[in-house]
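What follows is a single structure, written as structure tokens, with notes after it.
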Amino acid sequence: MSTPEGEDLVEIIEDAPLDLTKYINHVRNPSSGAIATFSGTTRDSFNGKRVLELRYEAYIPMAIRELRSICSSARSKWKIKSIALAHRLGVVPVGEDSVFVAASSVHRIDALNACKFLIDEIKARVPIWKKEVYENGEVWKENSEFFLKKFGLSEEAKACDGSEKPGFEKLGFGDGGLGDDNGQLGLDEGGGNPNYGRSSCCRHKERVSSGMENGKEDDKERENM
Amino acid sequence: MEDITMTTDKETQEREIKDEKGKLKSLPSIEIKVLFFARARDLTGFTNTVVSVKPGCTTLDCVAELFSKFPSLREIKDSMALALNKEYAPGNTILNNGDELAIIPPISGG
């Protein structure tokens, strides 16, 4: 089975398993010598707490737009033949796929690089939320990639005076044009409102950094019990 | 969850401005549909609402209005982003009547 080149497939699936074969076949075509894929699967524990259930929700029309935009960004950076992006919503039982990325290219390096970029961007800017339900409470998860994009920070950021704030551009993930002139999401500091001061910058740098040190690259939590 | 419409006094819905001849005329307020997702929905108790703001107001002006209506929403003021008509928008974006403003708490897709 093959699909005409250049057609990207973007799907938000509600309350049903992701059909991985369908997405792989979508990007399969005779001129591509490589297909790279990434599956995000749900885990059964976080910080030693047993996860009973994970629930996903999305701002669906915007999520579709963002997924398409991410496909365009990837195509502008690498020689990609075809892309498929899918995210599942609703309750996702532990061990099942919540997100799937597939990219094809003539040579593997483009598909491999694009695959990493695609999942990183999904975690940074597609409006989808996950709630982890434990035996004694529940938490809305927070992706560190979102804060990196929003505040233009990375774990290497040293100062909060604006002098050293390498964002995704410096890290090689930049695609520009997101939100404001800095390519960041809205509501950055200096937005003309005293509620949005430097303190938030420092606070989130610290949170992201500490998360990295603990090896939790993608799981920031805010207690919500 | 249920929809609510926040109404304010007529005096605050309209502001009086002077036209070229110096006569007072009223400028009607504009209505912004606001969407709350995930933690924002838990904090406010609503999936969406409608806010009336003055013409020329920005996204952050609207957020300030939301903070006064839903003080608990301030808990995510430093971490949330805004989307206007399904696109991320900076805080100084001017609003138009009928715009859809989404409060985007930290996302956690993947």
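The values are calculated or read from the model by the stated rules, or taken from the named source; none is laboratory data. Quick caveat, the model's predicted, so the values are computed rather than measured. Methodologically, a virtual Cβ is constructed for each residue, glycine included, from the backbone with ideal geometry; neighbour enumeration extends over all protein chains shown. Only protein heavy atoms, including side chains, enter the accessible area calculation; ligands, DNA and RNA are left aside. Shrake-Rupley method; radii C 1.70, N 1.55, O 1.52, S 1.80 Å.
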**Message:** Show me, for segment A:127-132, the HN-Hα J-couplings you get by feeding each phi into the Karplus relation (A = 6.51, B = -1.76, C = 1.60, θ = phi - 60°), rounded to Hz, glycine and proline as x.
**Reply:** x, 10, 10, 10, 10, 9
**Item:** Above-threshold pairs, the threshold being 18 Å between Cα atoms, out of A:Lys79/A:Lys149; A:Lys131/B:Lys86; B:Lys54/B:Lys77; A:Lys123/A:Lys150; A:Lys22/A:Lys141; A:Lys81/B:Lys86
**Value:** A:Lys79/A:Lys149; A:Lys131/B:Lys86; B:Lys54/B:Lys77; A:Lys22/A:Lys141; A:Lys81/B:Lys86
**Prompt:** Can you give the average number of partner chain beta-carbon atoms within 10 Å of each beta-carbon in peptide B:88-96, as a whole number?
**Reply:** 6
**Phi to ³J(HN,Hα) by Karplus 6.51 cos²θ - 1.76 cosθ + 1.60 over segment B:99-110, Hz, x for Gly, Pro** = 4, 10, 9, 10, 7, 10, x, x, 7, 8, x, x
**Item:** Surface share of carbon and sulfur [accessible, 1.4 angstrom probe, percent] for segment A:9-141
**Value:** 49 percent
**Item:** Other-chain or far-sequence residues with amide H under 5 Å of A:Val10's (modelled H)
**Value:** A:Leu85
**Request:** Read phi for every residue in segment B:66-76 and hand back ³J(HN,Hα) as whole Hz from Karplus 6.51 cos²θ - 1.76 cosθ + 1.60, θ = phi - 60°, with x for Gly and Pro.
**Result:** 5, 5, 6, 7, 10, x, 5, 5, 4, 4, 10
**Request:** Counting only heavy atoms of the protein chains, get the accessible area per residue of segment B:51-101 (1.4 Å probe) and round it to a whole Å² value.
**Result:** 37 Å²
**Message:** Please compute, for peptide B:36-42, the average count of beta-carbon atoms on other protein chains lying within 10 Å of each residue's beta-carbon.
**Reply:** 5
**Request:** Count, for each residue of A:121-133, the Cβ atoms from other chains sitting within 10 Å of its Cβ, then give me the mean as a whole number.
**Result:** 4
